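The values are calculated or read from the model by the stated rules, or taken from the named source; none is laboratory data. The model shown is predicted, which means the values in this text are computed figures rather than measured ones. Reconstructed Cβ throughout: ideal geometry from the backbone, glycine too, with neighbour counts over all protein chains shown.
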Amino acid sequence: MIFREVEDPDLIAKARRGDVEAYNLLVSRWEKRVFNYLLRLVSNREDAMDVSQDVFLKAYQSLPKLDDPARFSGWLFRIAHNEAFSMLRRKRPETELAGEPRPADLNPRLLPMELSLAVETALGRLSPDQREAVLLKVYQGFKFEEMAEILECPVSTVKSRLYTALDLLKAMLAPMQKAALRGEL
Amino acid sequence: MSCSFFDSEPESKPDWKAYVLRELGQDAHRQAEAHLATCSICHEEVATLRLTLDTLSTLREEEMPRRIAFVSDKVFEPRWWQRVFSPTFAAGALVAAAILIHGTLRPSQIPQAQVEAAVNKAVSEVEARHVQEIQAMYELLNVRDKQVANMYRNVVLSR
């Protein structure tokens with residue numbers, strides 16, 4: 001007998017029929033990815049946790065409205081995006097949300113274990129829109145079209161934000177990359 | 001730094017970011033690869049982009065401080081207004097309201113004397129019916145006694 005893992009659309013169909021366990025399984029599959037995405041967006045573990053909880057509650061309540069179960073991930077991240085920015089708007093002034101990235105001043109002589117923190121710092125210096133584009137593409141693996149749906153903007157805007165972010169990150173991380181290539185890290 | 005091959009037609013230069021992000025179509029991807037094999041300048045550009053992506057991939061994934069509350073947990077229970085608008089609750093509430101209205105609108109108290117009179121009337125009706133039944137039985141027994149007495153006399157006389 002060939003083992004076949006239960007696919008998300010199967011679980012969604014069951015959850016729609018009131019199977020609570022099916023939805024619980026969906027939550028356990030996606031919670032870590034959603035949490036990490038939100039953590040990079042809101043930069044606070046407790047806020048990310050609270051918003052994650054809201055996201056899965058809202059998704060459960062809106063499950064009957066999901067047109068195409070095959071596109072669950074994009075739909076879920078769209079809810080996460082909306083909840084995160086709604087929370088950020090409540091907590092921060094509008095000007096901070098549209099802030100420009102600050103100049104790079106990362107320490108090029110970092111220990112390898114600190115490289116992850118350096119990346120985190122570099123991501124934190126991007127504007128929220130640019131950072132989110134990187135999160136959705138590099139860490140969540142969405143296609144440009146899917147990102148456009150999640151962010152509710154044209155593909156050209158998605159590409160513009162992402163490409164600018166990559167240029168900035170390249171400039172910010174270049175000193176460390178060179179050090180790493182020289183074996184200093 | 002520029003690529004001499006694309007200097008004459010800059011608009012035809014491959015989108016290297018889309019290339020490393022695997023967003024080019026099959027044909028465009030093949031053309032880009034073919035060019036990369038021959039152009040050191042573009043090769044370096046792509047290598048830098050890949051290095052940036054590799055560095056980004058060192059960002060460690062954070063563990064969650066706690067699990068998401070499941071649907072079966074209290075946090076997923078419907079709020080009060082969702083309960084109010086649920087069909088089952090609404091039907092129950094409708095029945096309860098009907099009982100309440102009925103109880104409120106009907107006469108609040110019946111006079112005690114009226115109750116006693118009704119009870120006395122019912123009791124006397126039942127008693128009268130019982131008396132009639134006993135009387136009928138008594139008369140029936142008398143008739144049968146007379147019949148038995150006649151039969152006995154006839155038997156004695158016939159001897």
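With respect to the conditions (1) in a helix (DSSP H, G or I); (2) touching a helix residue (DSSP H, G or I) at 6+ places or on another chain (Cβ under 7 Å); (3) modelled with pLDDT under 80, B:F70 falls short on a single one, namely (1).
Here is a check on your reading of the model: is A:S43 under 21 Å from A:P69 (Cα atoms) and of a type in the set (S, T, N, Q)?
It is false that A:S43 is under 21 Å from A:P69 (Cα atoms) and of a type in the set (S, T, N, Q).
This table checks each residue for (1) surrounded by fewer than 18 Cβ atoms within 10 Å (Cβ to Cβ); (2) more than 8 Å from chain B (Cβ to nearest Cβ); (3) hydroxyl-bearing (S, T, Y).
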site: A:F142; (1), (2), (3): no, yes, no
site: A:C153; (1), (2), (3): yes, yes, no
site: A:S160; (1), (2), (3): yes, yes, yes
site: A:A165; (1), (2), (3): no, yes, no
site: A:P175; (1), (2), (3): yes, yes, no
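Counting only helices (runs of 4 or more DSSP H) that fall entirely inside the stretch A:114-181 and contain at least 2 residues that are out of contact with any Leu (no Cβ under 8 Å at 6 or more places or on another chain) and on the phi > 0 side of the Ramachandran plot, no element qualifies. The test for being at pLDDT below 95 and either facing another protein chain (nearest Cβ under 9 Å) or touching a Leu at 6+ places or on another chain (Cβ under 6 Å) (or both) does not hold for A:L41.
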